[in-house]
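K.L.:
Mind looking over this structure? Questions follow.
The values are calculated or read from the model by the stated rules, or taken from the named source; none is laboratory data. Not measured: the values here are computed from a predicted model. Here the Cβ is made from the backbone with ideal geometry for all residues, glycine too, and neighbour counts use every protein chain on show. Each accessible area value is taken on the protein alone, full model and side chains, heavy atoms only, with ligands, DNA and RNA left out. Shrake-Rupley method; radii C 1.70, N 1.55, O 1.52, S 1.80 Å.
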Amino acid sequence: GRESKKRSFGPWMLQGFKLLARLKFLRNTWLDPFGRTHERKVERNWLANYEQILDEVLAGLTTQKLGLAQDLVELPESVRGYGPVKERFLGHAQQRQAQLLEQWRNGNTAQFHDASQSNSKIAVTQL
């Protein structure tokens, strides 16, 4: 989809933001006016999935898998923005998550060439 253009509003909009700020206590309750939107449902699903992945990573963490574990748990930091921008970043993060989880579950960890060892060979290269 196409991202919509930014629009500008007058100073009257600040009053609406002040009202929303005062209603902040309603967040994550059944009275939350934005809690049933598609975006919020996707966020809750992403969070639940992330918590399951954290449990899986903690259960199988080894020193060999430390870098892969770090990549997995830092994925949510790559999801930024609002609306269509956030959806795009989330899509990229979900693709990357699927790749990393496959590596995690199959025991594949990237092995990199140690340049300090002159006679060493590259065993596996994963990009």
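K.L.:
Working from the pairwise distances between different alpha carbons, so that the mean of 1/r is found and then inverted, what is region 1-91's Kirkwood radius in Å? Show your work: numbers first, answer last.
P.N.:
Numbers: mean 1/r = 0.0612 Å⁻¹.
Computed over region 1-91, the radius equals 16.3 Å.
K.L.:
Using 0.36 nm per residue, how much length does the chain from Thr63 to Arg96 gain when fully extended, once their Cα-Cα distance is taken away? Could you put the intermediate results ahead of the total?
P.N.:
Working: separation 33, 0.36 × 33 = 11.88 nm, distance 2.15 nm.
Result for the pair: 9.7 nm of gain on full extension.
K.L.:
Which value, in debye to the nearest 20, describes the size of the charge dipole of region 19-111 about its Cα centre when Lys and Arg Cβ atoms bear +1, Asp and Glu Cβ atoms bear -1, and nothing else is charged?
P.N.:
On the way: 13 positive and 11 negative charges, 98 e Å.
The dipole magnitude comes to about 480 debye.
K.L.:
Also, I was wondering about something else. Can you give me the accessible area per residue for region 30-102, using a 1.4 Å probe, in Å²? List each step's numbers first, then the result.
P.N.:
Numbers: 5120 Å² over 73 residues.
Ligands and nucleic acids excluded, the result is 70 Å² per residue.
K.L.:
What lysines sit close enough to Lys86 to cross-link, taking a C-alpha to C-alpha distance under 27 Å and skipping anything fewer than 8 places away on the same chain?
P.N.:
Output for Lys86: Lys5, Lys6, Lys18, Lys24, Lys41.
K.L.:
Provide the FRET efficiency to the nearest 0.05 for the Arg105-Tyr82 pair, computing r from the beta carbons and using R0 = 25 Å. Show your work: numbers first, answer last.
P.N.:
Values: r = 32 Å, r/R0 = 1.30.
Efficiency, from the Cβ-Cβ distance: 0.15.
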